[in-house]
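K.L.:
What follows is a single structure, and I will ask about it in a moment.
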Amino acid sequence: MEMGMSNYVMDCEEQFMDEANAVIGECDDVNDLLQTMEENGHLRLLEHFSDGEKCGLVDEIWNDFWSAKGE
């Protein structure tokens with residue numbers, strides 16, 4: 001049962017990152033991305049994260065996206 005739960009958690013995190021990458025280019029800054037993800041209900045995918053961990057992941061996604069673009 002534990003293996004199935006960890007697969008579920010990883011799937012949720014992957015889906016969250018996919019959703020973030022789908023909208024990130026439309027966001028003005030990392031706070032806008034976080035707000036957009038919250039408004040679209042995607043933060044529910046990270047219910048197992050603390051608020052700090054959620055912010056940290058969104059910040060990481062933001063930095064990775066813009067670093068890949070060379071900005």
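K.L.:
Take the Cα atoms of the chain, find their three principal axes, and give me the spread along each one in whole Å, biggest first.
P.N.:
Projected onto its principal axes, the Cα set of the chain covers 43, 24, 20 Å.
K.L.:
Relative to the present Cα-Cα distance, how much length would full extension add between Asp32 and Asp18 at 0.36 nm per residue of separation?
P.N.:
3.4 nm
K.L.:
Something else now. I'd like the orientation of helix 51-68 relative to the chain: the angle between its Cα long axis and the longest Cα principal axis, in ° from 0 to 90, rounded to 10.
P.N.:
50 degrees
K.L.:
Would you work out what percent of the accessible area of the chain, with all protein chains in place, is carbon or sulfur (probe 1.4 Å)?
P.N.:
Answer for the chain: carbon and sulfur cover 47 percent of the accessible area.
K.L.:
Another question, then. Taking the Cα atoms only, what angle lies between the long axis of helix 2-23 and the longest principal axis of the chain, rounded to 10 degrees?
P.N.:
So the inclination is approximately 20 degrees.
K.L.:
Could you provide, to the nearest whole Å², the per residue accessible area of the chain with probe 1.4 Å?
P.N.:
Accessible surface, normalised per residue, equals 70 Å².
The values are calculated or read from the model by the stated rules, or taken from the named source; none is laboratory data. Just so you know, these numbers come straight off a predicted model, no measurement behind them. Heavy atoms of the whole protein, side chains included, go into the accessibility calculation; ligands, DNA and RNA do not. Shrake-Rupley method; radii C 1.70, N 1.55, O 1.52, S 1.80 Å.
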